[in-house]
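J.: Below are the structure tokens for one structure; questions will follow.
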Amino acid sequence: SFSSGKAMVCFGSMFIELPNAKTREMLRQDQEELDEEINNLRKELRVKVNRLYEAQGKPELKGFNLNPMSAEEMKLINRILEG
């Protein structure tokens, strides 16, 4: 089964064989960190764009403070649309 096997994981220029469960956990942690970093960059971008518009004397962008839907929210929407 997948959980009892091993996977070859690349670290820089070398490959290391790790248990699949450990590899899956490492990937999950990496994805969580990347998602958090992406969200922080989005928040910073919104602030910077609003400052730029303010400095240019333009009105604030409408709809720019919207957040993307999560994967779970998308699944629910797709379920509703499929009937």
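The values are calculated or read from the model by the stated rules, or taken from the named source; none is laboratory data. No experiment lies behind these values; they were computed from the predicted model shown. Virtual Cβ from ideal backbone geometry, glycine too; neighbours counted across all protein chains shown. In case anyone asks, the SASA skips ligands and DNA or RNA and just uses the protein heavy atoms, side chains included. Shrake-Rupley method; radii C 1.70, N 1.55, O 1.52, S 1.80 Å.
J.: Could you tell me the relative contact order of the chain? Use alpha-carbon pairs under 8 Å, at least six residues apart, and round to a whole percent. Walk me through the numbers before you get to the answer.
T.: Details: 36 pairs, mean separation 11.9, N = 83.
14 percent.
J.: For the chain, with all protein chains present and a 1.4 Å probe, just round the carbon and sulfur fraction of the accessible area to a whole percent.
T.: C and S atoms contribute 57 percent here.
J.: I'd like the orientation of helix 71-82 relative to the chain: the angle between its Cα long axis and the longest Cα principal axis, in ° from 0 to 90, rounded to 10.
T.: 80
J.: Any chance you could give the angle, 0 to 90 degrees and rounded to 10, that helix 20-55 forms with the longest Cα principal axis of the chain?
T.: Taking the Cα atoms of the chain, the angle to 20-55 is about 10 degrees.
J.: Report Rg/Rh for the range 34-83, rounded to two decimals, where Rg is the Cα radius of gyration and Rh the Kirkwood radius.
T.: Over the Cα atoms of the range 34-83, Rg/Rh equals 1.18.
J.: Pairs on different chains or at least eight residues apart, Cα atoms closer than 29 Å: how many lysine pairs in the chain fit? Spell out each step's value before the answer.
T.: Working: LYS6/LYS22; LYS22/LYS75; LYS43/LYS58; LYS43/LYS62; LYS43/LYS75; LYS48/LYS58; LYS48/LYS62; LYS62/LYS75.
Taking the Cα cut-off of 29 Å, the pair count is 8.
J.: Could you check the simple spin-label distance between LYS43 and PHE64, using points 7 Å along Cα→Cβ, in nm with one decimal?
T.: Each label point lies 7 Å from its Cα, and together they span 1.8 nm.
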